[in-house]
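The values are calculated or read from the model by the stated rules, or taken from the named source; none is laboratory data. What you are looking at is a predicted structure, and each value in this text was computed from that prediction instead of being measured. Cβ placement follows ideal geometry from the backbone for every residue including glycine, while neighbour counts extend to all protein chains displayed.
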């Protein structure tokens, strides 16, 4: 069976939903494919907000400066400028779609402060429930839109192509979806690590589909580790210990291990303490600094975690986080919360230009599965949800201008075109061990031979970047190499990884 549409969107997180809605608003026919029911994506669980310069002391230029500083010399400035200039309008567009953002008593947006930001510019909806609110609202709009056909609980197993042109996708039930433009919004791959904040399905399937079809991937070695993911710590007695002397959370809370405690809580005064009760890091430094400081303090003390003290933070500001911790047996108003780093966000992905075009004609990518170079080597907090909106709208405009491939017929399906397999427990443990917060050549070399293809690609990318930069820390190359400023590791099927300098111009991704 074959279906046709002007725009095909794969993925129903914030990026996919917004791309579909923007395409529909331009009167395009859209098919949206979701591996889960609507409102079941990774974006649903996002606690961060939308970074946008929305107040008079702030400006897109200041936002750009913070993004570039956080990105450690690897940010594609043209992509960052697009985000910072267009994020305020994206927030306003969501308001016109009925999204209710948190406001102060005067009715102004209540802007949060997060690590790496020099001003309060993070817009939230329901405190730490921003992802839930956004995805729920946009999912409802998509479901009611007569121009959008939604296919739920189906996975894409193959990108259909003819020569060097993407023509659509094939689903796991054999159905072919033909479209002038195909937009991947399939999310990242951080669930491929043994310790992660991501849901189980976030293992990079979209990246492998694009790579197999001939698209270029970039910067897979640049993976952000969030410093404050909850660590469940078993207590010999099996009982939770309370009180000032033993206020660290105990027990084995169901489902709480790896639960992310949003950075915005540190923006409201929460502190990180070692097991002697001493602060050891600037809690609002960029994430790579904080995560490494936590890791090193754990290594120094032999502890499995450090403590997040949020007892002075008003619980009404973060009801979602507080209620989740309490369900897991931790009372953050009275107890310290044990936390440690976990794989959280991929800065790399499918290489695209500033209009979300990949290097394969007819194929676009938005959200965490894409790589514009915006995030560099260390994503600035809350830029990712803004990215979904800004580049989702750009993808829709570019997709609508994509001419249909007249007369082109997709190649015959492969003998076997299974959905990319999930990494095994052994692969996930190996990735955490050899490509976690710190890496070196011997460990990465072992990963190159891992049976899971994405694990091998990540290792090959990490080996190609022979330096330490941002979230990429090489024990054998502890310093940043100035010669690699602005350089990106790119991967194409059948070729060795290459280091390329991406031109800082608001145009299609090119290299010199």
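Quick notes on this structure:
- Test: residue in the range 240-259 that is outside the structural domain of residue 119 (by TED's automatic domain parsing), out of contact with any helix residue (DSSP H, G or I) (no Cβ under 6 Å at 6 or more places or on another chain), at pLDDT 95 or above and outside any loop (DSSP other than H, G, I, E, B): no
- Against the test of being more than 12 Å from residue 138 (Cβ to Cβ), at pLDDT 95 or above, part of a strand (DSSP E or B) and out of contact with any helix residue (DSSP H, G or I) (no Cβ under 8 Å at 6 or more places or on another chain), the options 31, 7 yield a single qualifying residue, 31.
- Within the range 152-164, considering residues that are surrounded by fewer than 19 Cβ atoms within 10 Å (Cβ to Cβ) and assigned to a strand (DSSP E or B), the one modelled with the highest pLDDT: 152
- Filtered by the rule that a residue be surrounded by fewer than 18 Cβ atoms within 10 Å (Cβ to Cβ) and under 22 Å from residue 256 (Cα atoms), the range 275-301 gives a lone residue, 275.
- Residue within the range 63-73 that is crowded, with 22+ Cβ neighbours inside 10 Å, at pLDDT 95 or above, within 19 Å of the chain's Cα centre (by Cα) and more than 28 Å from residue 470 (Cβ to Cβ) present: no
Let's see how each residue does on (1) in contact with a strand residue (DSSP E or B) (Cβ under 7 Å, 6 or more places away or on another chain); (2) in a strand (DSSP E or B); (3) surrounded by fewer than 24 Cβ atoms within 10 Å (Cβ to Cβ); (4) at pLDDT below 95:
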position	(1), (2), (3), (4)
166	yes, yes, no, no
181	yes, yes, no, no
186	yes, no, no, no
208	no, no, yes, no
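- Meets criteria (surrounded by fewer than 24 Cβ atoms within 10 Å (Cβ to Cβ) and outside any loop (DSSP other than H, G, I, E, B)) for residue 323: yes
- Any hit, the range 316-326, residues being more than 25 Å from the chain's Cα centre (by Cα) and over 24 Å from residue 111 (Cβ atoms): yes
- Condition broken by residue 477, with the remaining ones in (1) within 21 Å of the chain's Cα centre (by Cα); (2) crowded, with 17+ Cβ neighbours inside 10 Å; (3) modelled with pLDDT of 95 or more satisfied: (1)
- Just one of the listed residues (191, 229) is out of contact with any strand residue (DSSP E or B) (no Cβ under 6 Å at 6 or more places or on another chain) and more than 22 Å from residue 364 (Cβ to Cβ), namely 191.
- Summed over the range 440-452, residues that are more than 11 Å from residue 192 (Cβ to Cβ) and under 21 Å from the mean Cα position of the chain (by Cα) total 0.
- Qualifying residue in the range 329-342 (condition: part of a helix (DSSP H, G or I), surrounded by fewer than 24 Cβ atoms within 10 Å (Cβ to Cβ) and at pLDDT below 95): no
- Verdict on residue 82 being modelled with pLDDT of 95 or more and either assigned to a strand (DSSP E or B) or surrounded by fewer than 24 Cβ atoms within 10 Å (Cβ to Cβ) (or both): yes
- Selection status of residue 299, within 25 Å of residue 49 (Cβ to Cβ) and outside the structural domain of residue 197 (by TED's automatic domain parsing): no
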